[in-house]
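See structure below.
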Amino acid sequence: MNSSHAFRRFAFAFGPAFAITYVIAFEQDIAMFTVYPTRLLSFKTAQYMQDVTSANGLPAMHWYGWMATAALGALTIGVFAILIPDRWLPWIWQGWVWLIPLVAMLMCVYFTLPMLRN
Amino acid sequence: MATALLILHGLVAMALLGAITHQAVAIWVPLPTRPESFIGRLRAVSSDSFTNAVVVLYVLSAILGGIVYLYFRVEIKPVLEQSEHWQTISLFDIKEHFIAIGMALLPAYWVSWQEILDREYSSSRVALTMMLTFIVWYGFLIGHIANNVRGFGL
């Protein structure tokens with residue numbers, strides 16, 4: 001397996017894996033860290049975050065932490081994808097690379113609907 | 001500082017919008033012969049030549065947007081919340097989700113355009129390009145709505 005072949009596999013696994021883990025991180029509020037913008041880049045690592053403000057009543061941002069959580073998960077799955085035996089590849093449909101992120105996007109809309117309906 | 005970053009973010013987003021729209025039109029309705037009209041020339045561009053530009057502009061735009069988002073959260077969102085612009089806020093939240101998912105698709109998008117002669121990748125290439133085009137247009141429009149929410153009378 002050459003490097004471009006390995007990167008191809010990684011790239012096609014990373015997108016869908018990120019989409020899945022991002023939706024989970026967003027829905028379950030699993031942020032690797034939280035940013036308090038008024039303190040600029042103050043982090044709390046590996047916390048299951050509630051939608052609360054900090055002790056000073058400052059806004060807390062989880063979006064960066066959700067992305068970091070999703071990136072870590074996708075990175076792990078992407079590395080596993082490189083190791084999949086070639087004989088399994090014909091069984092993996094290439095359309096998952098766009099279908100899974102599309103469903104993930106729709107789920108993000110669904111989870112945001114309660115606020116959208118206000 | 002925030003205003004300068006926002007303008008820069010808007011300019012990069014405009015360039016990205018142009019690049020990915022060119023590419024999307026060229027693969028959706030390709031033109032086999034030499035075109036005469038403006039629309040014809042738009043359809044006839046070499047679509048693969050935009051790939052690297054799209055990737056770089058998307059990442060740059062997302063980074064700038066990520067920085068501007070800090071100011072938005074502190075200075076703009078509380079105002080929107082107080083004035084009960086819940087739809088604008090939620091549409092903006094959806095934009096952030098879409099941008100994050102879109103950024104993760106960039107490696108597969110890039111690979112699918114490198115393998116342009118490989119038919120195996122053609123459907124993925126079209127689908128990923130169309131998804132990124134939708135994400136970029138959605139982000140651009142919602143960004144403008146959020147930025148000019150009072151002007152829209154929402």
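The values are calculated or read from the model by the stated rules, or taken from the named source; none is laboratory data. Quantities reported herein were computed from a predicted structural model and do not represent experimental measurements. In this analysis, Cβ positions are derived from the backbone assuming ideal geometry, glycine residues included, and neighbour counts consider all displayed protein chains. The accessibility values were calculated without ligands, DNA or RNA, using every heavy atom of the protein model including side chains. Shrake-Rupley method; radii C 1.70, N 1.55, O 1.52, S 1.80 Å.
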For the stretch B:2-152, the dipole about the Cα centre with charges only on Cβ (Lys and Arg +1, Asp and Glu -1), to the nearest 20 debye, works out at 300 debye
Mind grabbing the accessible area of A:LEU72 for me, 1.4 Å probe, Å², rounded to tens? 100 Å²
Averaged across A:107-115, how many Cβ atoms of other chains sit within 10 Å of each residue's Cβ atom? 4
Solvent-accessible surface (1.4 angstrom probe) belonging to B:THR3, in square angstrom, nearest 10: 100 Å²
Coil-residue trypsin sites (Lys or Arg not before Pro) of the stretch B:82-134, DSSP, other Cβ within 10 Å capped at 16: none
So which chymotrypsin sites (Phe, Trp or Tyr not before Pro) in the stretch A:66-105 are both in a DSSP loop and have at most 16 other Cβ atoms within 10 Å of their Cβ? A:TRP93
Whole-Hz ³J(HN,Hα) for each residue in the stretch A:4-21, computed from phi via Karplus 6.51 cos²θ - 1.76 cosθ + 1.60 with θ = phi - 60°, x for glycine and proline: what do you get? 5, 5, 5, 5, 4, 4, 4, 4, 6, 8, 4, x, x, 5, 4, 4, 5, 5
Taking N as the number of residues in chain B, what is its Cα Rg relative to 2.2 N^0.38 Å? 1.17
Counting only protein heavy atoms with a 1.4 Å probe and every protein chain in place, the carbon and sulfur fraction of the accessible surface of the stretch B:82-153 in whole percent equals 58 percent
On Cα atoms only, tilt of B:51-71 relative to the major axis of chain B in degrees: 0 degrees
Taking Cα atoms only, helix B:86-114 is inclined relative to the longest principal axis of chain B by an angle, in degrees rounded to 10, of 30 degrees
Looking only at B:GLN114, B:GLN87, B:GLN23, which one moves most when chain B is put into a Gaussian network model with springs between Cα atoms under 10 Å? B:GLN87
For peptide A:97-104, what's the mean number of Cβ atoms from other chains within 10 Å of each residue's Cβ? 6
Taking a label point 7 Å from the Cα of A:MET115 along the Cα→Cβ vector, which residues of the stretch B:85-122 have an amide N closer than 20 Å to it? B:85-103
On a 1.4 Å probe surface of the protein chains, which of B:HIS9, B:HIS22 comes out largest in accessible area, and what is the full order? B:HIS22, B:HIS9
Using only alpha carbon pairs under 8 Å that are at least six residues apart, calculate the relative contact order of the stretch B:2-152 and give it in whole percent. 29 percent
